[in-house]
1. Please turn the phi angles of the range 82-92 into ³J(HN,Hα) values with the Karplus equation 6.51 cos²θ - 1.76 cosθ + 1.60 (θ = phi - 60°), one per residue in order, whole Hz, x for glycine and proline.
2. Which whole-Hz ³J(HN,Hα) couplings does the range 154-167 yield from phi under the Karplus relation 6.51 cos²θ - 1.76 cosθ + 1.60, θ = phi - 60°, glycine and proline marked x?
3. Give the long-range amide H neighbours of residue 41: residues separated by 5 or more places, or on another chain, with amide H under 5 Å away, using H modelled in the peptide plane at 1.01 Å from N.
4. Please go through the range 44-105 and write out the trypsin sites (Lys or Arg not before Pro) that DSSP classes as loop and that have at most 14 other C-beta atoms within 10 Å.
5. Would you be so kind as to identify which of 135, 108, 68 lies farthest towards the positive end of the dipole of the range 65-153, taking Lys and Arg as +1 and Asp and Glu as -1 on Cβ and the Cα centre as origin?
6. Among 16, 82, what's the order by accessible area (1.4 angstrom probe), most exposed first?
7. Rounded to whole Å and sorted largest first, list the principal axis extents of the Cα atoms in the range 55-166.
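The values are calculated or read from the model by the stated rules, or taken from the named source; none is laboratory data. Since the structure is predicted, the reported quantities are computational estimates derived from the model, not experimental observations. With ideal geometry, Cβ positions are generated from the backbone for all residues, glycine too; neighbour counts draw on all protein chains shown. The accessibility values were calculated without ligands, DNA or RNA, using every heavy atom of the protein model including side chains. Shrake-Rupley method; radii C 1.70, N 1.55, O 1.52, S 1.80 Å.
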Amino acid sequence: LYDSGTGTIAKNVYDLDTSAFITGIYPCFLMALVADQNNISGAGNAYVMTWDTPFDDGNNCDGTYFTAPVKGRYQLQCTMSLKNIESTATQIKLEIVTTARTFVTEKTITPPVGNTTDQISVAGIADLNPGDDAYVIITVSGMPSNTVDAIGNATNMWCTFSGNLVH
C-alpha cells in the first residue's frame, strides 16, 4: 500500500483467493439500457436482463453478469421502468440474483384499462467471493403474452443495474 498524501493507493496487492495481483480494488459498474428491450415478460415468464455498459471499472461485466473480482461486500441496486403493461397484469417481481442469495422486490399492480407504465427497484449488500456472479431477473405476471417493454434511453437512464465494492 502506498500513501500519496491524498489517500491510500493499492499497488502490487496480491489476492490469495484469486491467486492474482489486484489492479483495481474498488470495482464499480453501471449497466443500463440505451434502447428499449421489447416483449421481455408479461405472461409470468422470468427474463434475465441484458445490458449496455456505460462504465465498468475493472472490466467485470459481460452485459448480463457482474463477476466479483475480489472478496468483499458489494452494494448492488437495480431500477426498472416498464411500459405496455396491460390491464390484466397482476404483479411485477424484480430480483438481483447472486451466487449466495437473491434480493427480491414484488409489487402487486392494478393498472388502468389500456397500456401503462410502472417502475420497481431493488437493492442490497451482497457478500461476494472472487468469481461470484450477480445478475437481474424481471417477471411480470397476469398478462396473456410477453408484451411488456423495458424502457431504454442513451441519455436518461430508465433501467439500470449498478454496484460497487463497499468493504
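1. 10, 9, 6, 7, 7, 5, 7, 4, 10, 8, 10
2. Along the range 154-167, the couplings run 6, 9, 9, 7, 7, 10, 9, 9, 9, x, 7, 6, 10, 6 Hz.
3. Close amide H contacts, sequence-distant or interchain: 147, 148.
4. Taking the range 44-105 and a limit of 14 other Cβ atoms within 10 Å, the loop trypsin sites (Lys or Arg not before Pro) found are 101.
5. My answer, from the dipole projection, is 68.
6. So the residues, ranked largest to smallest area, are 16, 82.
7. For the range 55-166, the Cα spread along each principal axis is 48, 30, 21 Å.
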